[in-house]
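S.K.: Quick one: this structure, given as structure tokens, is what I'll be asking you about.
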Amino acid sequence: MQLTLRKQAPGTVGLDIDGSYLAAAEVKDGVVSRLASCELTEGIAPDGEVRRPDELAGEIREFFRAESLPRNVRLGVANQQIVVRQLDLPHIEDDRERDRAVRFQAAEAVPMPLEDAILDHQVVEHATVDGSPRDRVVVVAARRTMIERLLEAVRGAGLKVEGIDLSAFALVRTLAGSDAVPAQDLARVYCHLGRVTNLAIARGQTCAFTRPLRTNWGDENGHEGELASSLAEEIRLSIDYHSSLPGARHVADVVLSGPGARVEDLAESLTGVLGRPVSVAEPLGRLTGCTLAPEEDPYRYTIAAGLALGAAA
């Protein structure tokens, strides 16, 4: 099973396994046809990593049975066992030659043995540097044992895994283009606040940088003021790092999503600290078609919807 950055076949449910809940979304012809979620037992998948595969399999199985969901799924991953790097390569037309060149450079850029990793890449930009054509490539490396535990749990639930995507890519897929997206020469920060807090920096719909953050918005023992201060510092450091990459664009603004985005005055507070506009996204961007019950939290579904969009595209 490859860690896929590329589009998959339609007819698949996006499944987001947050540390505190499961969220599923199905999108058909650009319209949300199903949304469902349930609580996840504490400790089964903390920090986005599956620790108890058998228990997770049981909870996913019961969730899909209770909601009568389709059995084909596209999964999202976000944790410290994933490394994302941007490489700057001479332009290579042949796909196989480019694959070899990416793997050669990734051996130095990725801080894990490649034999222990599942590796994938995507060309995100063609550029001309000093008169020579170059390719800017985003490389994703995920520790193989982490992916294997995830697959063990999901397949143990009786589901068929059609693809695995970075949760950050799904986040951008849902929200990019939803409102007032900066021009192509600018970038935007997307920050999803949940038990797993995800940050992505994108230009349009192209994700150039991503990393999971330490700030845990599902931690009931955390003080909101302390969490906001920690989040602001992590966003600032991420922007600084992104700015050092070749071809980086100026970051125009920050968009929040996820259950933690509803914290009162958080966006306003971050705006003052970061010196950039910070707003809260509509949970499903411009997607329409599914009405939730009043007690449902729509902010759970942003990543699941993006995973489903990746399958339906």
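The values are calculated or read from the model by the stated rules, or taken from the named source; none is laboratory data. All values derive from a computational prediction rather than experimental measurement. Cβ atoms come from the backbone with ideal geometry, glycine included; neighbour counts cover every protein chain shown.
S.K.: Taking the condition under 24 Å from Gly204 (Cα atoms), modelled with pLDDT of 90 or more, not basic (Lys, Arg) and not assigned by TED's automatic domain parsing to the domain that holds Ser244, does Asp95 pass?
M.R.: Considered against the rule, which asks whether it is under 24 Å from Gly204 (Cα atoms), modelled with pLDDT of 90 or more, not basic (Lys, Arg) and not assigned by TED's automatic domain parsing to the domain that holds Ser244, Asp95 comes out as no.
S.K.: Related question: Filter region 148-163 down to the residues that are surrounded by 23 or more Cβ atoms within 10 Å (Cβ to Cβ) and within 13 Å of Gln81 (Cβ to Cβ) and list them by number.
M.R.: Leu150
Yes/no per residue for (1) at pLDDT below 85; (2) within 30 Å of Gly30 (Cβ to Cβ):
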{"residue": "Thr210", "(1), (2)": "no, yes"}
{"residue": "Thr215", "(1), (2)": "yes, no"}
{"residue": "Arg249", "(1), (2)": "no, yes"}
{"residue": "Asp253", "(1), (2)": "no, yes"}
{"residue": "Thr271", "(1), (2)": "no, no"}
{"residue": "Glu282", "(1), (2)": "no, yes"}
{"residue": "Cys290", "(1), (2)": "yes, yes"}
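S.K.: Considering only region 97-147, how many residues are surrounded by 14 or more Cβ atoms within 10 Å (Cβ to Cβ) and touching a Gly at 6+ places or on another chain (Cβ under 7 Å)?
M.R.: Adding up the residues that qualify gives 2.
S.K.: Now for a separate question. If I filter region 29-49 for residues that are touching a helix residue (DSSP H, G or I) at 6+ places or on another chain (Cβ under 7 Å), at pLDDT 95 or above, closer than 13 Å to Leu307 by Cβ and of a type in the set (A, V, I, L, M, F, W, C), do I get at least one hit?
M.R.: Looking for residues that are touching a helix residue (DSSP H, G or I) at 6+ places or on another chain (Cβ under 7 Å), at pLDDT 95 or above, closer than 13 Å to Leu307 by Cβ and of a type in the set (A, V, I, L, M, F, W, C), one finds none in region 29-49, hence no.
S.K.: Identify the residue in region 60-78 that is without any contact (Cβ under 8 Å) to a residue 60 or more places away in the chain and part of a helix (DSSP H, G or I) and, among all such residues, is surrounded by the most Cβ atoms within 10 Å (Cβ to Cβ).
M.R.: Phe63
S.K.: Specify which of the listed residues (Asp135, Asp165, Asp116, Asp185) is under 22 Å from Ala24 (Cβ atoms) and among the acidic types (Asp, Glu).
M.R.: Criteria check complete, one pass: Asp165.
S.K.: Hey, another quick one. Considering (1) assigned by TED's automatic domain parsing to the domain that holds Arg211; (2) over 27 Å from Tyr190 (Cβ atoms), say which one Leu151 fails and leave the rest.
M.R.: (2)
S.K.: Please pick out the residue among Ser132, Ser167 that is of a type in the set (Ser, Thr, Tyr), assigned by TED's automatic domain parsing to the domain that holds Arg203 and touching a His at 6+ places or on another chain (Cβ under 9 Å).
M.R.: Checking each option against the conditions leaves just Ser167.
S.K.: Evaluate region 175-184: report whether one residue or more is modelled with pLDDT under 95 and under 10 Å from the mean Cα position of the chain (by Cα).
M.R.: Within region 175-184, not a single residue is modelled with pLDDT under 95 and under 10 Å from the mean Cα position of the chain (by Cα).
S.K.: Another question, if that's okay. Restricting region 79-96 to residues that are charged (D, E, K, R) and in contact (Cβ under 8 Å) with a residue 24 or more places away in the chain, which is surrounded by the fewest Cβ atoms within 10 Å (Cβ to Cβ)?
M.R.: Asp88
S.K.: Going through Arg276, Arg262 one at a time, which residue ends up being under 30 Å from Leu75 (Cβ atoms) and in the same structural domain as Val32 (by TED's automatic domain parsing)?
M.R.: Result: Arg262 is the single residue among Arg276, Arg262 that is under 30 Å from Leu75 (Cβ atoms) and in the same structural domain as Val32 (by TED's automatic domain parsing).
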